[in-house]
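Take a look at the structure set out below.
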Amino acid sequence: MGETKVDRCACVNRTFEELKDFGSLEDAQASSGCGLECEGCLPYLKLMFASGETAIDLDDPRLKDYN
Ligand code: FES
């Protein structure tokens, strides 16, 4: 477990490392459109901004708080 990490918004092809620099989910979305297409990355994006971690386990148990 924990081998597969989510580290980007595939729809806009931007890594969480890049997106973190926007400082907030709202600013990242407004500037890049991340998390607005398939929304599959959205819980991961929220957890990234909450935790500061830029690679998140596919099945991270904290995701249940960010759906
Ligand atoms: S992967 Fe981010 S909106 Fe689709």
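Every number here is computed from the coordinates shown, using simple stated rules; none is lab data. Keep in mind it's a predicted model, so treat the numbers as computed, not measured. No Cβ is skipped: glycine too gets one built from the backbone with ideal geometry, and neighbour counts run over all protein chains shown.
Side notes on the structure shown:
- Filtered residue count, the stretch 47-65, keeping only those that are assigned to a helix (DSSP H, G or I), crowded, with 17+ Cβ neighbours inside 10 Å and either touching a residue at least 24 places away in the same chain (Cβ under 8 Å) or among the polar types (S, T, N, Q) (or both): 2
- Contact map, the stretch 19-36: residues that are without any contact (Cβ under 8 Å) to a residue 12 or more places away in the chain and on the phi < 0 side of the Ramachandran plot paired with residues that are surrounded by fewer than 17 Cβ atoms within 10 Å (Cβ to Cβ) and not in a loop (DSSP other than H, G, I, E, B), Cβ distance under 6 Å, separation 6+ or inter-chain. Pairs shown: Phe22/Ser31.
- A single entry from Arg14, Arg62 fulfils the requirement of being among the basic types (Lys, Arg) and over 11 Å from the mean Cα position of the chain (by Cα): Arg62.
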